[in-house]
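The values are calculated or read from the model by the stated rules, or taken from the named source; none is laboratory data. Because the structure is predicted, anything quoted here is derived from the model rather than measured. Here the Cβ is made from the backbone with ideal geometry for all residues, glycine too, and neighbour counts use every protein chain on show. Side chains are part of the model used for accessible areas, which takes the heavy atoms of the whole protein and leaves out ligands, DNA and RNA. Shrake-Rupley method; radii C 1.70, N 1.55, O 1.52, S 1.80 Å.
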Amino acid sequence: MGSVETPDILLYTNHSCPWAHRAHIALAELNLPFKEEIIDLSVPRTAEYLAVNPRGLVPTLSYNGTIITESAIVAQFLSDAHPSHLQKTSSEEGGALQRAKINFFVDAFISKVNSQTYGILRASEEEKGPLVEKLLDAVAKEVEPLLQDAKPFFGGSEKLTLAEVSATFPYSNPSITF
């Protein structure tokens, strides 16, 4: 499943799904051609789609006929299959360390910051203030220290990295379209 030949890629997606944005961004950064099938998330999934992904979630990637699910796994797979600026390979000098730092950053962002956003969105106006303060405290404590060398991107990269792809803030711009 390497990147020698152009792969046959079909992305099952929904443009309003923030997690699917990870796959779209990775594909765009890697300049990989792909077809897409839009999955309507407002209705129960069809039997045909459930045969592809029994969880019924998006994104799902068909890569030369092999199904890969879950947005972070899809982005990681694409980055591994098509080495690029997104992250170094494990065998490159500093690659294993860069990958560990990216994974730690993404884990901190998703578990300590992103996990709080849904509560803010659902909160009443009176409840939002303290929840936003808690989120900002988590950003300052958990995320900002990991970004000290982010100039302009993670780890001082001049281009987008897998850190930015994987830590896409799902509610930052709901009008994003692909």
Against the condition open to solvent by 40 Å² or more (accessible area, probe 1.4 Å) and over 14 Å from Trp19 (Cβ atoms), how does Ala72 come out, does it pass?
no
Among Leu86, Leu160, which is in contact with a Phe, Trp or Tyr (Cβ under 7 Å, 6 or more places away or on another chain) and closer than 30 Å to Asp8 by Cα?
Leu160
Within segment 82-98, the count of residues that are open to solvent by less than 70 Å² (accessible area, probe 1.4 Å) and in contact (Cβ under 8 Å) with a residue 40 or more places away in the chain comes to 6
Looking at Ala167, Ala123, Ala140, Ala163, which one is farther than 27 Å from Ser84 by Cβ and open to solvent by less than 30 Å² (accessible area, probe 1.4 Å)?
Ala123
Taking segment 1-17 and keeping residues open to solvent by 60 Å² or more (accessible area, probe 1.4 Å), at pLDDT 90 or above and not acidic (Asp, Glu) leaves Thr6, Ser16
Taking Leu121 and the conditions (1) without any contact (Cβ under 8 Å) to a residue 40 or more places away in the chain; (2) over 20 Å from Leu160 (Cα atoms), which numbered condition does it fall short on, given that it satisfies the others?
(1)
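Got at least one residue in segment 31-51 being open to solvent by 20 Å² or more (accessible area, probe 1.4 Å) and under 24 Å from Gly156 (Cα atoms)?
Restricting attention to segment 31-51, the residues satisfying the condition of being open to solvent by 20 Å² or more (accessible area, probe 1.4 Å) are 31-38, 40-48, 50-51.
Those still in the list that are under 24 Å from Gly156 (Cα atoms) too: 31.
Looking for residues that are open to solvent by 20 Å² or more (accessible area, probe 1.4 Å) and under 24 Å from Gly156 (Cα atoms), one finds at least one in segment 31-51, hence yes.
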Among the listed residues Leu121, Leu97, which satisfies the condition of being assigned to a helix (DSSP H, G or I) and closer than 17 Å to Leu146 by Cα?
Leu97
Could you list, in sequence order, the residues of segment 124-143 that are part of a loop (DSSP other than H, G, I, E, B) and modelled with pLDDT of 95 or more?
none
Residue list for segment 146-165, restricted to those being part of a loop (DSSP other than H, G, I, E, B) and farther than 18 Å from Ala96 by Cβ
Gln148, Ala150, Lys151, Pro152, Phe153, Glu158, Lys159, Leu160
